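Nothing in this text is a laboratory measurement; each read-out follows from the coordinates by a stated rule. For clarity, every value in this text was computed on a predicted model and none was experimentally measured. Don't worry about glycine lacking a Cβ; one is built from the backbone with ideal geometry, like all the others, and counts go over all protein chains shown.
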Amino acid sequence: EPEVTQTPSHQVTQMGQEVILRCVPISNHLYFYWYRQILGQKVEFLVSFYNNEISEKSEIFDDQFSVERPDGSNFTLKIRSTKLEDSAMYFCASSPNWTNEKLFFGSGTQLSVL
Amino acid sequence: DAKTTQPNSMESNEEEPVHLPCNHSTISGTDYIHWYRQLPSQGPEYVIHGLTSNVNNRMASLAIAEDRKSSTLILHRATLRDAAVYYCILRDGTSGTYKYIFGTGTRLKVLA
């Protein structure tokens, strides 16, 4: 079965540094998402992306965050100046459309900010 | 977003059926009921979804109450691999919102 691929699986960075988390969604999917999960807490929605623009974003997704689909296959989440509280597992997801089709999640990138 | 309520945890014996309940008393007519699960150290995984009628797929069955204020995810024969956190999520099928709101879910423990 096709799957969403995320790289790297683990990322360690210093506070204040920029990080880019990368995702390759399933090839014929049109909608892309980022979620995050702080250790021991709920899975939280960050942003959705369709047709090369943000469709919806949460309060968490402030000016420090940005998303991009730089080519036909990759979908990236950039955090400009990381904070300690950005430490979390970040999940990318994709879906063929939004009308209640299921989301396919990647295995996540564990971001540790020191 | 309409809220769901699930038990924090449940236990089941291997090879036994498991019924995972979810209450959603404020569900609206256009809310779909979705179930996802999260295995340890993995991303959430789609299990099943439905609107009004009961649904079956290769993973599970979804039984929806006639008034739609509750639903039950049924795993017909639990295996050790089914140990996970199961999330019941409502999503409006017409509003155009893209986000799924995950709650705390039910942690299922399967005993060998």
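Annotations
- Calculated log₁₀ intensity ratio I(q)/I(0) where the Debye formula runs over C-alpha points of segment B:54-105, q = 0.17 Å⁻¹: -0.71
- Nearest-0.05 FRET efficiency for B:Met59 and A:Ser73, computed from C-beta distance (R0 25 Å): 0.30
- Hypothetical label at B:Arg107: residues of segment B:1-43 whose amide nitrogen lies under 19 Å (7 Å Cα-Cβ projection): B:5-14, B:19-22, B:36-43
- If you look at the Cα atoms of the protein assembly as shown, you get an Rg and a Dmax of 17.7, 53 Å.
- For A:Lys102, the lysines whose Cα falls under 30 Å of its own Cα, not counting residues fewer than eight places away in the same chain, are A:Lys42, A:Lys57, A:Lys78, B:Lys3, B:Lys69, B:Lys99, B:Lys109.
- Taking trypsin sites (Lys or Arg not before Pro) as exposed when DSSP calls them loop and at most 16 other C-beta atoms lie within 10 angstrom, chain A has its longest site-free stretch at A:1-41.
- Rg/Rh for segment A:25-114, where both radii come from Cα atoms and Rh is the Kirkwood radius: 0.95
- The trypsin sites (Lys or Arg not before Pro) found in segment B:4-112 that occupy coil by DSSP, while having at most 14 further C-beta atoms within 10 Å, are B:Arg58, B:Lys69, B:Arg77.
- DSSP beta bridges confined to chain A are antiparallel in about 90 percent of cases.
- Cα-based Rg and Dmax for chain B, where Dmax is the largest Cα-Cα distance (Å): 13.4, 44
- For segment B:1-83, size of Cβ-based charge dipole, Lys and Arg +1, Asp and Glu -1, in debye: 160
- Only Lys, Arg (+1) and Asp, Glu (-1) charged, at Cβ; the protein assembly as shown dipole about Cα centre in debye: 180
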